[in-house]
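Nothing in this text is a laboratory measurement; each read-out follows from the coordinates by a stated rule. Only a predicted model underlies this, so the values are computations on that prediction, with no experimental measurement involved. Cβ atoms come from the backbone with ideal geometry, glycine included; neighbour counts cover every protein chain shown.
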Amino acid sequence: MKVLLCCALALLALDSSAERESLSPGVHSFGVDGVNLWYRVAGQAGGEPVVFLHGGPGEGSQTFAHFAGPALERTLRMVYLDQRGSGRSDRPQDPKAYSIAQLVDDIEALRTHLGVARIALIGHSFGTILGLEYAAKYPQHVSRLVLASAVPDLPRLLDIQCVRLQTQDAAAYARAVGGRAAGAFPRCNAFDAYTGDAQAAFVQRNMFPDPAVGREVDAMDSADGLSNTGELGGALVHQGLFDYRFLRTAEVGSPVLVIAGQRDFQAPLAPQRDLAKALPHGRLLVYPGRGHFSFVEDPDRFARDVSAFLTTSRRAVPQPLLPGQTP
């Protein structure tokens, strides 16, 4: 009996040591079915891990960590994950290595690797899809969820972009409509309106009220050779990404804060407002005059709002917020 007890205590000590190592400050990696995933831990030594899910798809975590990280790390234990096909993680050439379901499973593998029962999540743009899907599939493992520039309904997002395009550039709108039948939804594919540099400029206008912010984001996205090389995004688009809609709002039991830029035309406000209303514990916070990268445009405010939300007692039932109101 004493031998068994000693062995059990030794195993517990090893488990505890492994748990501490996986959450120690600095760079780490772990494998999922032969794919090596990179993450970095920074900020507070204790407390629940807050996992950041970047956008793109394929953007990497470096831009968020650079602009929002320093302020968030004053109060939170941040975990910056580079999704497969992104940043410093492996970028498999096989399109079959990528899917939304696989990316969600990667988050669960990270939680298991960290050795914690629950995590909080911050998702940006495409990362909000992963945050929502994970929270619906694993509600018991999510304490709170922050969605910045959420994209819960891509067909509706595209249709709203088409309406805006129609009022701004009739010739481009006609190209985007192509051979679609009258009454089709979405009425066009706004990404077909332009090609090459003109397409990139269109996306930049949608995301950045201030072009200087766009240049900052582009520079950080590509720093240290970490540019988005398209493996992840290309595979997901081929699988029908633009048809994505999140339909499992009732299954998300955690409090959710949706942060929307009032001048973000890449992730329009209306679908985010409806998402916050449909979630059981959803809240909406609108940043007037801000675009798709509110954490770059207003990092201190973003950090205050997110930190306050993530550190509020779970026993306090969230109430919807009016545009511009802080949590």
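Helix 2-22 and the long axis of the chain differ in direction by around 30°, with both axes built from C-alpha atoms.
Over the C-alpha atoms of segment 49-112, the Rg to Rh ratio, Rh being the Kirkwood estimate, stands at 1.00.
Rounded, prolate or oblate: pick one for segment 261-314, where a ≥ b ≥ c are the square roots of the eigenvalues of its C-alpha gyration tensor, a/c under 1.5 means rounded, and failing that, prolate if a/b is larger than b/c, else oblate.
Here segment 261-314 falls in the oblate category.
If one takes the longest principal axis of the Cα atoms in the chain, at what angle in degrees, from 0 to 90 and to the nearest 10, does the Cα axis of helix 211-221 lie? The helix 211-221 is inclined about 40 degrees to the chain.
When the helix-only estimate is applied to the chain (DSSP H runs of n ≥ 4, each -39,500 (n - 2.57), divided by the residue count), what is the mean residue ellipticity at 222 nm, nearest 500 deg cm²/dmol?
Helix-only estimate at 222 nm: -13000 deg cm²/dmol.
The trypsin sites (Lys or Arg not before Pro) of segment 68-107 that DSSP puts in a loop, and whose beta carbon has at most 14 other beta carbons within 10 Å, are Arg74.
Specify, per residue and in Å³, the volume enclosed by the convex hull of the alpha carbon atoms belonging to the chain.
On the way: hull volume 48.3 nm³, N = 327.
Looking at the chain, the number lands at 148 Å³ per residue.
A P(r) calculated from all alpha carbon pairs of segment 186-265, with 5 Å bins opening at zero, reads 3, 10, 12, 19, 22, 18, 11, 4, 1 percent.
Please express the Cα-Cα pair-distance distribution P(r) of segment 157-207 as a list of whole percents, one per 5 Å bin, running from 0 to the bin with the greatest distance. Going from the shortest bin to the longest, the percentages are 5, 23, 35, 26, 8, 3, 0.
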